[in-house]
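Structure first, commentary second.
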Amino acid sequence: MWNAPNLFSLVVAVMSFVLPACGDKGEAEPEKKEAAKTEKKEAGKGKDHKDRVVLSPEAMKNAGIKVITLKAESSSETIRATANIAHNQDRTFHVTPRVRGRVVEVYASIGSAVSVGSSLALLDSTELGEARAEHAKAVALLDLAKSNVEREKRLFEQKISPQKDLLAVQAEERRAEVEVRMLHEKLRLYGLSDGEINGSNAAPSRYMVRAPGPGVVFEKEITLGEVIDAGKKVFTISDLSTVWVLLNIYEKDLAKVTRGTSVKIQTESYPGEIFAGKVAYIGDVLDPQNRTVSLRVEVPNPNRRLKPGMFTTAEVVTGGASAKGIVIPSSAIQKIEGKPAAFVQQNDGSFAKRDLDLGKEMGGRVEVKSGLTEGEQLVVEGSFALKSELLKGTLAEE
C-alpha cells in the first residue's frame, strides 16, 4: 500500500518530467514558423528573379560576354547582300626595281608600314655603276669643253686665234651638254633624284628600292643575295586607309541605286558596329546567269580594322529614313520557350531576360518593336551561355 507521503513524492516526480517536455514543444513552434516564413520569403524572391542570371567574373570571361549601349536609330528601305572586302586597287602599288642587281639589304617585311620614299631594299647593280660612270665622264668632258670655249674666246678677242677655232670648241661644248643631259635623263629613268645624280656617291653601283606610295607591305618576293632582274615585282604595298566592298545586286533593284548611294557595312568581327560607305562604281555588264550587277563601295578604314578577304553584309540604302527605333544584331537574340528574347546587363551586374517583339530583318540586324529601350546594356556576344544558365536554374527550381 502507498502511504500519502510516498504518493505525493511520486506525483511531483511525474509532473517534473512532463512539464519541461511541454515547455520545449511550445518554444520550438515559433522557431519552426519563423523558418517557414524565411523559406517562403526566399522562394518568393527566387520567383521574382527567375528571369535573371548572375555570373562570376570568371564565368563571364569564359562565356565571352560583350555588351553594347542601345541607341535609337532610323531604319530605311534597303537592299541586303553578302559582300567581301578587297584592297583599294587605286591605292595598291607593285614595287619593281628599274635596274638589274644583287640584293645586299632588305629593310621591309610583310606588315611593315611605309610612306612615300621609304627604303625597302638595297641592290648592287653593275648596270647602274656603268651608267653613273658614263655620266661622270660626260660631265668631266663638258667642263673641259667649257674651259676650251673660254680660252678660245680670249684668244679670238686678242686676235691670236681665228674664229673657226672658237666655233669648233663651241660646237664641242654643245655636244658635251647634250651627252650630259641624255645620261642624266637615263639615270632619272632608273629612279634616281637630281640630288643623287649630281651629288658625290662613294658607292655608285648601289641602287635603293623605294616605296612609291604609303601603305602596308602585304607581299614580299625578295631575299638577300639573289639577283633581281629589272621589272620583277619584289614588294606589293596597299594603302588600307580605305578599302573596297564588292557585292552584287539583282537586275530588278538596279534602278534604285546610283553612284553616291549610302551603304551600311557589318561584319561578324564587330557585332553591332556599322561602317559607312558610298557606291563608287556600278558595273556596266549584267551577269547573264545570275541576273546581277556588281557594285563597288569605297569605305573609309582609318584604323585598318576592316581586312581584305573579310566577308560582310552590305545594306544599300534605297529609301528614306523612317522613325527612330531600336535595331539590334541577330547574334543578341535567343529562342527561349519558343519566343525571341535577349539579355540586358543590370546595374548590379546581373543579366535580365527580356522578351522581344521583333520587326523586319535588315541583313544581320533586326528591328525591335518592344522589349528594349535606348540606353540599356544589351548582350551581343555570349548570350547563349546566359540562356543555358537561365534554363539550368529553371530546371533546378522545378
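What the table shows:
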{"read-out": "Where a residue in the stretch 144-171 is free of Cβ contacts under 8 Å to residues at least 60 places away in the same chain and its partner, wherever it lies, is small (Gly, Ala, Ser), with Cβ under 6 Å and at least six apart", "value": "145/176; 152/161; 155/161"}
{"read-out": "Number of the condition not met by residue 272 [criteria: (1) surrounded by 15 or more Cβ atoms within 10 Å (Cβ to Cβ); (2) assigned to a strand (DSSP E or B); (3) modelled with pLDDT under 95]", "value": "(2)"}
{"read-out": "Scan of the stretch 142-160 for residues that are β-branched (Val, Ile, Thr) and either in a helix (DSSP H, G or I) or open to solvent by less than 80 Å² (accessible area, probe 1.4 Å) (or both), ordered by number", "value": "149"}
{"read-out": "One residue from 285, 279 being more than 30 Å from residue 117 (Cα to Cα), surrounded by fewer than 16 Cβ atoms within 10 Å (Cβ to Cβ) and β-branched (Val, Ile, Thr)", "value": "285"}
{"read-out": "Cross-chain or 6+ apart pairs with Cβ under 8 Å, the stretch 215-236 first and closer than 18 Å to residue 116 by Cβ, then aromatic (Phe, Trp, Tyr) and open to solvent by less than 60 Å² (accessible area, probe 1.4 Å)", "value": "215/93; 217/235; 236/93"}
{"read-out": "Segments classed as strands (runs of 3 or more DSSP E), wholly inside the stretch 318-388, with at least 1 members that are free of Cβ contacts under 8 Å to residues at least 60 places away in the same chain", "value": "334-336, 339-345, 351-355, 357-361, 365-370"}
{"read-out": "The stretch 197-206: number of residues that are out of contact with any Gly (no Cβ under 9 Å at 6 or more places or on another chain) and crowded, with 16+ Cβ neighbours inside 10 Å", "value": "1"}
{"read-out": "Residue 116 vs. criteria within 23 Å of residue 189 (Cβ to Cβ), touching a residue at least 12 places away in the same chain (Cβ under 8 Å) and β-branched (Val, Ile, Thr)", "value": "yes"}
{"read-out": "Options 264, 186; residue that is at pLDDT 90 or above, assigned to a helix (DSSP H, G or I) and surrounded by 15 or more Cβ atoms within 10 Å (Cβ to Cβ)", "value": "186"}
{"read-out": "Search result, residues across the stretch 89-105 that are within 28 Å of the chain's Cα centre (by Cα) and either of a type in the set (S, T, N, Q) or surrounded by 13 or more Cβ atoms within 10 Å (Cβ to Cβ) (or both)", "value": "89, 91, 92, 93, 95"}
{"read-out": "Matching residues, the stretch 113-141, being touching a helix residue (DSSP H, G or I) at 6+ places or on another chain (Cβ under 7 Å) and either in a strand (DSSP E or B) or open to solvent by 20 Å² or more (accessible area, probe 1.4 Å) (or both)", "value": "132, 134, 139, 141"}
{"read-out": "Where a residue in the stretch 174-195 is farther than 15 Å from residue 143 by Cβ and its partner, wherever it lies, is open to solvent by 100 Å² or more (accessible area, probe 1.4 Å), with Cβ under 6 Å and at least six apart", "value": "190/98; 191/98"}
{"read-out": "Which listed residue is farther than 21 Å from residue 179 by Cα, of a type in the set (Ser, Thr, Tyr) and out of contact with any Phe, Trp or Tyr (no Cβ under 7 Å at 6 or more places or on another chain), from 125, 147, 109, 119", "value": "109"}
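The values are calculated or read from the model by the stated rules, or taken from the named source; none is laboratory data. Keep in mind that what you see is a predicted model, and the values were worked out from it rather than measured. Reconstructed Cβ throughout: ideal geometry from the backbone, glycine too, with neighbour counts over all protein chains shown. Note: areas computed on protein heavy atoms with side chains; ligands, DNA, RNA excluded. Shrake-Rupley method; radii C 1.70, N 1.55, O 1.52, S 1.80 Å.
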